Structures are given as structure tokens and as C-alpha cells.
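To start, the structure itself, in C-alpha cells.
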Amino acid sequence: MIFYCGCVHREQNEDSDRTPKNIALPIVKRDTTLKHIYITFDDGPLEGSEDIDDAVRQEKINVNVFVVGEHVLSDTQMKNYYKLYENNPYIEIGNHSFTHAHDHYKRFYLKPFAVVADFQKCQTDLQIPTDYARLPGRNQWRLKNIYYNDIRSGASSADSLYRHGYKVFGWDVEWQHDGETGDPIQTVDQMVALIEKKLNTRTTMRQNNLVLLAHDEMFRNGWEESELKQLIDKLKAKGNYSFDHLSSYPN
Ligand SMILES: [Zn+2]
């Protein structure tokens, strides 16, 4: 007579399970730490601003723009682009000065009081709704608990702006562009790698937070084909990136 019992016989178990017991299989661990990325666009409005406005609505991501007063007031189209920014809930507007130093930075920063006046003119003329500032040509930070200068020139001006109530934001990573064509220099994959490296090596200003600098003129070839869309899609696919406004930057 054969008796069936509910337990698994030892011999049977050993025969059927051929997986070696003491070899640890490699576990691919997905990084689930939430990373905050702050995409910032400088120098607008310019050709390309319309695409940025469109893009962030489609992608539903938060970005910051740092605008130049002279660019806004240069013609009707640029005024309209600025209005697009003002009416876009995904965009936070900051101040990038009225004149952009006319690209003569060293001379501009010799007179901190004139730098403050230049920012104040931009602030008033455009009715900029935040007190966020970014210095033309300088990566300098002045927040409650962050003080950073890339070089000395501009440091006194950054101090003066901070004393006048501005929060001065620099950046962790720049997506560089060709001065003539406006085209991005690094590829999308290079940028993704650079962003991940900065975050993983904890060399951003704040851990798990990364401020990316780009410029309006880089993405004027239509959103669907743009490198910016590719970058955003690749970061989104990782599943642990949050696209945030600088108003939530930890400080
Ligand atoms: Zn600039």
C-alpha cells in the first residue's frame, strides 16, 4: 500500500532542486533615491523660448528661466515670448540682469552698485515675480547657507545683490552650446552620464539636488526632435527624478 503525505521527501527535494545553494547571484539594484533636478534656462527670451514654453507644458515638468531685460524689450515677438513665460505655470522666472553686462563681464563687475542697479531695473521693468538672480557669466551662489564663487570677479556684486534681498543661484552642471550656432555641445548620453556622476559622487552643491544650466537658444529646432526632450525622457525613464522649481531648492 502507498501512503501519500503532505511533506516533501528529502531525497526528492535534493533531486529536483539543482541550484547550488551557496552561490550568491548578483543582484542588480536599482537606485531608488529621489533626485531633484532643476533645469534652468538663461538669456531668454530668444529664438527657442517658444519651444521651451511648449515643451514644459507637454512634458509637465517644472523649470526656471533667468531672463535678460534688454531681450524682452527688444521687439514685439520677444515681449510675446516673455508673456508666454509669465502665463506658464511650469515656469518660474528669475532675473539675469537688464544688460547681461553687454558680455563684458570683468568691467561690469568692477562696480557692484551699478550691477545692483542693473538687476533692479530688470526687476522693475519686467515685474519679475521672484527674487531669484543669476549673474551673467559667473557661477556664484548666495543663499542662506550657501556661499560660492567660481572666480573672484563678481563676488562683491553677488554680495551686494544678496544684501539687497536677491537669492543668487549658480549651477552644478552646464550643458554647453556652440556660440555661433547655439547647438548643444555634449550629446544627450554624455549629459545623462554627467548628471548621474555628479549626483552619485555627491559633488553637487546639495546632495541629491542638481541645478542644470542650459540656454534658450539651444533648442529651437522643434521640440519632438530636440536633445532636451531626449534628455528629459531619459531621466524620466529612470523613475527617480523629480523636476522641480528653484523655489523648493533646499537651503
Ligand atoms: Zn547669460
- Item | Test for Asn149: is it more than 15 Å from the chain's Cα centre (by Cα) and touching a residue at least 60 places away in the same chain (Cβ under 8 Å) | no
- Of (1) more than 23 Å from Arg57 (Cα to Cα); (2) under 14 Å from the mean Cα position of the chain (by Cα); (3) buried (at least 16 other Cβ atoms within 10 Å of the Cβ), Ile232 satisfies all except one. Which? (1)
- Give just the number: which of (1) of a type in the set (Phe, Trp, Tyr); (2) modelled with pLDDT of 95 or more; (3) within 16 Å of the ligand (Cβ to nearest atom) does Phe219 not satisfy? (2)
- Task: Could you please give the count of residues in region 196-247 that are basic (Lys, Arg), in a loop (DSSP other than H, G, I, E, B) and touching a residue at least 24 places away in the same chain (Cβ under 8 Å)?
- Result: 1
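Between Phe119, Phe108, Phe41, which is aromatic (Phe, Trp, Tyr), under 21 Å from Gly154 (Cα atoms) and under 17 Å from the mean Cα position of the chain (by Cα)?
On the way: Phe119 fails: under 17 Å from the mean Cα position of the chain (by Cα); Phe108 fails: under 17 Å from the mean Cα position of the chain (by Cα).
The conditions single out Phe41.
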- Message: Filter region 41-63 down to the residues that are touching a helix residue (DSSP H, G or I) at 6+ places or on another chain (Cβ under 7 Å) and either within 16 Å of the ligand (Cβ to nearest atom) or in a loop (DSSP other than H, G, I, E, B) (or both) and list them by number.
- Response: Phe41, Asp43, Gly44, Pro45, Leu46, Glu47, Gly48, Ser49, Ile52, Ile61, Val63
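For residues in region 124-155 being polar (S, T, N, Q) and surrounded by fewer than 22 Cβ atoms within 10 Å (Cβ to Cβ), which is nearest to the ligand (Cβ to nearest atom)? Walk me through how you get there before you give the answer.
Of the residues in region 124-155, the ones polar (S, T, N, Q) are 124, 127, 130, 139-140, 145, 149, 153.
In the following step, the residues that additionally are surrounded by fewer than 22 Cβ atoms within 10 Å (Cβ to Cβ) were identified as 124, 127, 130, 139, 145, 149, 153.
On the way: Thr124: 20, Gln127: 20, Thr130: 17, Asn139: 11, Asn145: 25, Asn149: 17, Ser153: 15 Å.
By that ranking, first place goes to Asn139.
Just to check your reading of the model, which residue among Leu143, Leu161 is in contact with a helix residue (DSSP H, G or I) (Cβ under 8 Å, 6 or more places away or on another chain) and at pLDDT 95 or above? Give the derivation first.
Numbers: Leu143 fails: in contact with a helix residue (DSSP H, G or I) (Cβ under 8 Å, 6 or more places away or on another chain).
Of the residues listed, the single one that is in contact with a helix residue (DSSP H, G or I) (Cβ under 8 Å, 6 or more places away or on another chain) and at pLDDT 95 or above is Leu161.
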- Do we have any residue at all in region 84-95 that's crowded, with 20+ Cβ neighbours inside 10 Å, more than 17 Å from the chain's Cα centre (by Cα) and either at positive phi or assigned to a helix (DSSP H, G or I) (or both)? no
- Query: When both residues are 6+ apart or on different chains and their Cβ atoms are under 6 Å apart, which pairs have a first residue that lies in region 44-72 and is under 16 Å from Arg220 (Cα atoms), and a second that is within 16 Å of the ligand (Cβ to nearest atom) and in a loop (DSSP other than H, G, I, E, B)?
  - Reply: Gly48/Phe219; Asp51/Phe219
- Failed item in (1) away from the ligand (no atom under 16 Å from the Cβ); (2) over 16 Å from Val72 (Cα atoms), with Lys121 passing the rest: (2)
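Looking at region 222-251, which of the residues that are of a type outside the set (A, V, I, L, M, F, W, C) and at pLDDT below 90 is nearest to Arg138 (Cα to Cα)?
Applying the filter and picking the extreme gives Asn251.
Do we have Gly69 as under 23 Å from Ser248 (Cβ atoms), of a type in the set (Gly, Ala, Ser) and either surrounded by 14 or more Cβ atoms within 10 Å (Cβ to Cβ) or away from the ligand (no atom under 16 Å from the Cβ) (or both) here? Don't jump to the end; show me each part of the working.
Numbers: under 23 Å from Ser248 (Cβ atoms): no; of a type in the set (Gly, Ala, Ser): yes; either surrounded by 14 or more Cβ atoms within 10 Å (Cβ to Cβ) or away from the ligand (no atom under 16 Å from the Cβ) (or both): yes.
So Gly69 does not fit the description; no.
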- Message: Anything in region 182-216 that is within 16 Å of the ligand (Cβ to nearest atom) and among the charged types (D, E, K, R)? List them, or say none.
- Response: Asp216
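The values are calculated or read from the model by the stated rules, or taken from the named source; none is laboratory data. Predicted model, so just to flag it, every value in this text is computed and none were measured. Counting neighbours? That spans all protein chains shown, and the Cβs are built from the backbone with ideal geometry, glycine included.
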